[in-house]
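Read-outs: derived from the displayed coordinates by stated rules, not from any lab. Being a predicted model, the structure only gives us computed values, none of them experimental. With ideal geometry, Cβ positions are generated from the backbone for all residues, glycine too; neighbour counts draw on all protein chains shown.
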Amino acid sequence: MAKLPVVAIIGRPNTGKSTLFNSLVRKRVAIVSEVPGTTRDHIASKVEGDGADYLLLDTGGMGGGTTDKDFEEDVHEQSLIALRHADLILFTANGREEITRSDREIAQLLRRKAKRHVPVLLVLNKCDNPELAEEAERLFLELGIGDEVFPVSAISNVGTQDIRKAIARHLKRMHFRKAEEAPEAPSATVPRIAIVGKPNVGKSSLINALMSDTQREESPRLVSDIPGTTRDTTDTVITSEGSQYLFVDTAGLKRHAKSERGIEGFAVLRTIQAIEDADIAVVVLDASGPVSRQDKSIAGLAVEEGKGLIILLNKIDLLKGEERKAKQEEIAYEFRFCKYAPVLSSSAETRENLPKLFNLIQMAHRNRLRRLPTKELQNWLGDHTYGKPVGAVGTAKHITQAKDIPPTFVLFVRNPKEVKVSQLRYLENRLRETFDFAGSPIRWVTKGNHDRE
């Protein structure tokens, strides 16, 4: 299968790289803000282009100028990694401003670091009128970098179609073609796993620990003790024992998440969207701290959305003997509302028990898609309701599984209004005892017996 080419957007902070990214992929993926340095990690999305599909990569700003001085060096290094692996580069600059020292430094880096055969397209963003575009083009030609120059306004989608055509033309010249399926693009059978939790519980460290040595070297996740390092959701495909898993690292959710404003608010929204789009949610907890209301709220969100659920207790290496036992008892009590979710005690630092996560993901994914034959369900229902004091559910004459995901069971009873939650909980407990469904929520729908006809 053909390689999926990488098109990397680079430039100094606040030149509109993320706005350009969103315009080219035709959807809002990267966070856009007036605060320089908003994008810290690589944001990637597959683009179906004319003639060749490609992986579009947004990067953190190079050359300084952010409000996060502690991260500038790491972000700059990650941008260099993107530069080294790119097949085509979109070098963005602010067409409304004079050439800056950072612009010149990046142009010099491109001359030294970019592979010789890699095309560089100079994108002069924020050019809203023809006169400004013409002046910016004359000015930036002084840099002496770029195979072509494109004055655009990404926020208004002015000129971005010309960039799409140029990308297609250059990729075709480099003999890239459309393929049925590129290796980097996971198939529909690959489970999508959202790594979620409060800030600074070790989500990015876990993904780093799950990566192979080669993958970790090429695309490491930013890791820091400072909460909020990850602001965007970022995708990483990891292969284990021949199976692929798509992990989505998310920004940490905080209290009153839905009412957050500014950059953190965008990140929170992206995290919630990641859970909605995921098959499995792995809720990461810090073993060295108590279970908080927010931890349970995050797990509750995954339950409400019908996602497979795994509780991962990170930093377990910090606890010994009785401390570990007490923590496991605390987890069992605090998460009793989703006791079907397996709990994995592990450590991103030591990798203790971490490989077991893949088996738990496979189990939860399999159970979430699992279907039971109606005849088998009918026999099970009779065994657990006939002659037993189970209230209104004892009047059920038929049960079947709907086509919905997660597993949804339709129960036909005499009067659905008389069915109590406790009665359905009884049935769910018996169903799990017989058929398992570990890691997956279960839904119930009650209908009148006459509705079956």
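Observations
- Gain in span if fully extended, residue 408 to residue 429, counting 0.36 nm per residue against the direct Cα distance: 6.1 nm
- Residue 388 versus residue 112: modelled label distance in nm, points set 7 Å from Cα along the beta carbon direction: 7.3
- For region 374-452, alpha-carbon Rg over 2.2 N^0.38 Å: 1.00
- Rounded to the nearest 20, the Cβ-based charge dipole of region 374-452 about its Cα centre (Lys and Arg +1, Asp and Glu -1) stands at 260 debye.
- In this structure, the pairs whose alpha-carbon distance is over 23 Å, taken from 397/420; 203/327; 327/420; 307/417; 17/178, are 327/420; 307/417; 17/178.
- Efficiency of FRET from Cβ geometry, residue 296 and residue 96, R₀ 45 Å, rounded to 0.05: 0.40
- Given their separation in residues at 0.36 nm each and the Cα-Cα distance between them, residue 175 and residue 333 gain 51.0 nm when the chain is fully extended.
- Between the beta carbons of residue 50 and residue 417, assuming R0 = 45 Å, the FRET efficiency works out to 0.20 to the nearest 0.05.
- Here the peptides 170-176, 119-125 are ranked by packing, the mean other Cβ count within 10 Å, and the order with the highest first is 119-125, 170-176.
- The 3J(HN,Hα) values that the Karplus relation (6.51, -1.76, 1.60; θ = phi - 60°) gives for region 206-211 are, in residue order, 5, 5, 4, 5, 7, 5 Hz. Gly and Pro appear as x.
- Additional length obtainable on full extension of the chain from residue 135 to residue 148, 0.36 nm per residue less Cα span: 3.1 nm
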